1. State the extension gain, in nm to one decimal, for the chain segment bounded by residue B:139 and residue B:43, taking 0.36 nm per residue of separation less the distance between their alpha-carbons.
2. Residue by residue through A:70-79, how many Cβ atoms from other chains fall within 10 Å of the Cβ on average?
3. What 222 nm value per residue comes from the helices of chain B, counting each DSSP H run with n ≥ 4 as -39,500 (n - 2.57) and dividing by all residues, nearest 500 deg cm²/dmol?
4. Using only Cα atoms, find the angle between the long axis of helix B:30-41 and the longest principal axis of chain B, and express it within 0 to 90 degrees, rounded to the nearest 10.
5. Evaluate E = 1/(1 + (r/R0)^6) for residue A:47 and residue B:55, where r is the Cβ-Cβ distance and R0 equals 25 Å; express this FRET efficiency to the nearest 0.05.
6. Give the order of A:200, A:117, A:61 when sorted by the count of other beta carbons within 10 angstrom, beginning with the fewest.
7. Please rank B:46, B:111, A:157, fewest neighbouring Cβ atoms within 10 Å first, as an exposure proxy.
8. Neighbouring Cβ atoms within 10 Å as the yardstick, rank B:96, B:53, A:87 fewest first.
């Protein structure tokens, strides 16, 4: 079973493999389904479909790569390398439905590789993300919502690095294998992966200790 | 694990996404730059061809080690100033009359990505002598992206 619990890509996951067929139950296509459709259109000669694919997936790749602790400039390089690798090596993706998983896996491998080099070069520099909430104000973003975000971030920051990385990758990486595995096992997507559950559990404990309303994450 | 737990996990992940998007936002222009980088890399794409308008090749044949080339498709113009450096490699200073998103000089076996400056300026360093073509992705004033390439020329 493919699992994202391992913080480092280690070759057990095979992005080129065929993912399971899409679930046709949901009305709004999942992002990976949208990505697959765009990739297919590009392969069939519609060059502009690639631009849409880049727009769709770049934000995901950014957060996946940053989860590895790369500085922002290096993270940009890794995202770009990932895209150029897709253009150069897209023939190796046998099933276009695998494209989003292929992209995130490629980004994770490259981030891991580059991250090791960065840590070797500069072992002392640890970037600390300063929460700069709120970044923008709107009618929806009431003070309550901002408080909630701040509270959530405070708890996330108290998790160990591995849990932070894992949760961030999972939060942004919706991949077909998760959806399908869950469907096949009649098990909710969220139940897959003991490490993931352990990290989520820790986060919830921290949140509850902080007075987080248990029902507020169920709406 | 119950369905309610699944819903709770999904909701919590959605909130986590929102927090990371706030705390560590993607650079505002990253998507545009990635679109351009991919466009320039994508050989299946159809590039509008810029043709050579003017070449000051006399300079190359003279003792001064510079050349100036101008390419255009009637709307977009690219100006290149090529200088031979002391180490025998070349520096290319360029300017395009649109907002440059990605510029590359592609030779048979290698390619060079230009450093982009303000106002359509770009520069390539360490280019060895040989034939190649410039491939660039620009954005016009209306925000439309265009991909161009020049015919092959000799540096």
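No value in this document is a laboratory result; all are computed from the given coordinates. Worth saying up front: this structure is predicted, and the values here are computed from it rather than measured. For neighbour counting, all protein chains shown are included, and Cβ atoms are generated from backbone atoms with ideal geometry for every residue, glycine included.
1. Gain on stretching residue B:139 to residue B:43: 32.6 nm.
2. Mean shielding by partner chains, rounded to a whole number: 2.
3. Theoretical 222 nm ellipticity from helices: -7500 deg cm²/dmol.
4. Long axis of B:30-41 versus the principal axis of chain B: about 50 degrees.
5. Plugging the Cβ-Cβ distance into 1/(1 + (r/R0)^6) gives 0.25.
6. Listing A:200, A:117, A:61 from fewest to most nearby Cβ atoms yields A:117, A:200, A:61.
7. By the 10 Å Cβ count, ascending, the order reads B:46, A:157, B:111.
8. B:53, A:87, B:96
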